[in-house]
Amino acid sequence: MSTYANCTTLIVYTPTNEATEKENTFYFELQGMIDETPKLDILIVMGDLNAKVGGSREEIEEVVGPFITTEETNENGETLVDLCVSNNLFLSKTLFKHKALGNLQEHLDLRRGKD
């Protein structure tokens with residue numbers, strides 16, 4: 001048995017919640033790519049998923065960590081959670097505590113030393 005593992009990385013951009021027809025096609029195609037990935041590969045799905053996953057961890061604790069950053073889940077978030085549950089995937093962003101940056105311009109001004 002080899003000590004090396006193959007890694008398959010899928011870099012994706014999910015349509016927004018307003019694009020319902022494209023969203024359905026997107027998740028169908030994404031599921032097809034996941035199905036084609038060899039079962040022994042490490043699978044990473046990353047990109048802009050246009051999803052908000054929040055609220056209570058109770059029903060989705062198998063796919064999220066302790067640091068949910070929003071209060072509610074949007075439509076894309078629900079679909080993403082279903083995809084994760086179906087494919088034994090995990091939302092890694094929820095494993096780490098994130099700083100609340102607020103306004104991006106305010107953050108950039110602080111980095112440049114402006115008041």
*For the stretch 68-105, enumerate the residues that are of a type outside the set (Ser, Thr, Tyr), assigned to a helix (DSSP H, G or I) and either within 17 Å of Leu43 (Cβ to Cβ) or at pLDDT below 75 (or both).*
Leu80, Val81, Asp82, Leu83, Cys84, Val85, Asn87, Lys93, Leu95, Leu104, Gln105
*asked:* Any residue in the stretch 70-81 that is within 12 Å of Ile60 (Cα to Cα) and in contact (Cβ under 8 Å) with a residue 12 or more places away in the chain sitting within a Cβ distance under 9 Å of a residue that is part of a loop (DSSP other than H, G, I, E, B) and among the charged types (D, E, K, R)? List the pairs, counting only those 6 or more apart or interchain.
replied: Thr73/Lys52; Gly77/Lys52; Val81/Glu59
*When you look at Glu62, is it part of a loop (DSSP other than H, G, I, E, B) and either at pLDDT 75 or above or within 25 Å of Ala19 (Cβ to Cβ) (or both), yes or no?*
yes
*Of all residues in the stretch 15-53 being assigned to a helix (DSSP H, G or I) and under 18 Å from Asn74 (Cβ atoms), which is modelled with the lowest pLDDT?*
Glu23
*asked:* surrounded by 12 or more Cβ atoms within 10 Å (Cβ to Cβ) and under 13 Å from the mean Cα position of the chain (by Cα): which single residue out of Thr79, Thr8 fits that description?
replied: Thr79
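The values are calculated or read from the model by the stated rules, or taken from the named source; none is laboratory data. Please read these numbers as outputs of a predicted model, since none were measured by experiment. Neighbour counts are summed over all protein chains in view; Cβ atoms, including those assigned to glycine, are modelled from backbone coordinates with ideal geometry.
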